[in-house]
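Here is the structure we will look at.
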Amino acid sequence: MTTDLRGRITGWRQAGADRRAANSAADLDRRPAFPGRWISGISLIAGPTLILAGTLLRSEFYYFVPYQLRAYSQHPTLITAAYTCFALGFVLLWPAVMTLAQRISVTNPLWGMWGGCLVMIGLFTRTFQFGIDHMSFHLTDVLGLSTMLEGVTGYYDAWRETLWHPFKTMSGPAFFGWIVLAIGAYRSGALGLGRSVALGLMSALALGPLKGTEPQSFIAVGGLCLAFIPLGVSLLRNGPAPTRRAVIWTVVLIAVHVLMTGFGPRG
């Protein structure tokens, strides 16, 4: 019986290795034309890193809504930095998700399509909620903490009574999309079992305005880092360096953006 069990485990491991090898071989000639290897690789590394940074920065405060507003009123710079890192990390995730979905699609097109689409819909949902966070913090400066606590409570009550709203219907993909993407990553061989399970743990991350760091947040975000960052490092290492022309244009565009942000019209 022990011998039979060992044989099954060996066969299961070999099947997983064969899937990963087949996916890698099929992906060799399909490097992400859009958004490109460098943007994809940077996204796979920077997105999870920023989300982890935001999670850590606000971890000392209780996650429930009133405590987040109180934390902002007492530590505005820290909480602003935490929510900014968190929001920017999710915005930067779209090339990473697209890249993984493309890699899944080389051997399992349906899993790649559904997993990628559901997760990216979830990213839009979270971005919508980050806008509510940003406005709530600024209104706390203007109206005061007690008024905003009443206002946010009223907002949640009104949201629960809302029969239909596009971003309310998108809450499901924000949770379950990661599970679909993780299953697709494993079935296609794009990721191994361990990193696929780690990716699926992102479904445990809390959703909603003014939600801080919960205990499971570290598990969810840690799983995202484990799944995405090694893939990003591999993508950046396996290919030529950017050309001098590409570097020059990148520097020029960044400089123009900085100048427009700092000295452009405000209103």
Checking the conditions here, which among Trp164, Trp111 is assigned to a helix (DSSP H, G or I), of a type in the set (Phe, Trp, Tyr) and open to solvent by 30 Å² or more (accessible area, probe 1.4 Å)?
Trp111
Hey, Gln74 hits all of (1) open to solvent by 10 Å² or more (accessible area, probe 1.4 Å); (2) closer than 15 Å to Gly208 by Cβ; (3) not aliphatic (A, V, I, L, M) but one; which does it fall short on?
(2)
With the requirement that a residue be open to solvent by 30 Å² or more (accessible area, probe 1.4 Å), in contact (Cβ under 8 Å) with a residue 24 or more places away in the chain and not hydrophobic (A, V, I, L, M, F, W, C), what does the stretch 124-143 give you?
Thr127, His134, Asp141
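How many residues are more than 20 Å from Ile79 (Cα to Cα) and open to solvent by less than 30 Å² (accessible area, probe 1.4 Å) when one looks only at the stretch 196-221? So that I can check it myself, show each step before the final result.
Keep residues of the stretch 196-221 that are more than 20 Å from Ile79 (Cα to Cα), which gives 196-204, 219-220.
Now narrow it down to the ones that are open to solvent by less than 30 Å² (accessible area, probe 1.4 Å): 196, 198-200, 202, 220.
So the answer is 6.
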Between residues in the stretch 71-92 that are touching a residue at least 60 places away in the same chain (Cβ under 8 Å) and residues that are among the hydrophobic types (A, V, I, L, M, F, W, C) and buried (at least 16 other Cβ atoms within 10 Å of the Cβ), which pairs lie under 8 Å by C-beta distance while being six or more apart or on different chains?
Ala71/Phe61; Ala71/Ile79; Tyr72/Ile79; Tyr72/Phe137; Pro76/Phe137
Tally up the residues in the stretch 167-185 that are open to solvent by 50 Å² or more (accessible area, probe 1.4 Å) and either in contact with a helix residue (DSSP H, G or I) (Cβ under 8 Å, 6 or more places away or on another chain) or closer than 22 Å to Ser234 by Cα (or both), please.
7
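Answer yes or no as to whether Tyr186 is part of a helix (DSSP H, G or I) and either of a type in the set (A, V, I, L, M, F, W, C) or under 23 Å from Leu226 (Cα atoms) (or both). Before you say what the answer is, go through the steps one by one.
Working: part of a helix (DSSP H, G or I): yes; either of a type in the set (A, V, I, L, M, F, W, C) or under 23 Å from Leu226 (Cα atoms) (or both): yes.
Spelling it out, Tyr186 is indeed part of a helix (DSSP H, G or I) and either of a type in the set (A, V, I, L, M, F, W, C) or under 23 Å from Leu226 (Cα atoms) (or both).
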Read through the list (1) polar (S, T, N, Q); (2) open to solvent by less than 60 Å² (accessible area, probe 1.4 Å); (3) closer than 30 Å to Phe137 by Cβ, then give the number of the only condition that Ser234 fails.
(3)
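Residues of the stretch 36-51 being touching a Gly at 6+ places or on another chain (Cβ under 8 Å) and either among the small types (Gly, Ala, Ser) or open to solvent by 60 Å² or more (accessible area, probe 1.4 Å) (or both), which ones?
Start the filter on the stretch 36-51 by keeping residues that are touching a Gly at 6+ places or on another chain (Cβ under 8 Å), which leaves 37, 40-51.
Across the stretch 36-51, the qualifying residues are Ser40, Gly41, Ile42, Ser43, Ala46, Gly47, Thr49.
Taking helices (runs of 4 or more DSSP H) that fall entirely within the stretch 28-99, which contain at least 3 residues that are farther than 25 Å from Cys117 by Cα, of a type in the set (A, V, I, L, M) and over 14 Å from the mean Cα position of the chain (by Cα)?
Working: elements: 37-57, 65-74, 76-91.
Those helices (runs of 4 or more DSSP H) span 65-74, 76-91.
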Going through (1) more than 29 Å from Thr125 (Cα to Cα); (2) assigned to a helix (DSSP H, G or I); (3) among the small types (Gly, Ala, Ser) one by one, Gly239 fails only at (2)
With respect to Ala227, determine if the residue is closer than 27 Å to Tyr72 by Cα, outside any loop (DSSP other than H, G, I, E, B) and open to solvent by less than 20 Å² (accessible area, probe 1.4 Å).
no
Pick from Ser188, Ser146: which is under 30 Å from Gln74 (Cβ atoms) and either polar (S, T, N, Q) or loosely packed, with under 14 Cβ neighbours inside 10 Å (or both)?
Ser146
List pairs: first residue in the stretch 153-176 and in contact (Cβ under 8 Å) with a residue 12 or more places away in the chain, second residue part of a helix (DSSP H, G or I) and of a type in the set (D, E, K, R) anywhere in the structure, Cβ distance under 9 angstrom, at least six positions apart or on different chains.
Ala174/Arg126
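The values are calculated or read from the model by the stated rules, or taken from the named source; none is laboratory data. Nothing here was measured: the structure is a model prediction, and the numbers come from that model. No Cβ is skipped: glycine too gets one built from the backbone with ideal geometry, and neighbour counts run over all protein chains shown. Just so you know, the surface numbers come from the protein's heavy atoms only, side chains and all, with ligands and any DNA or RNA stripped out. Shrake-Rupley method; radii C 1.70, N 1.55, O 1.52, S 1.80 Å.
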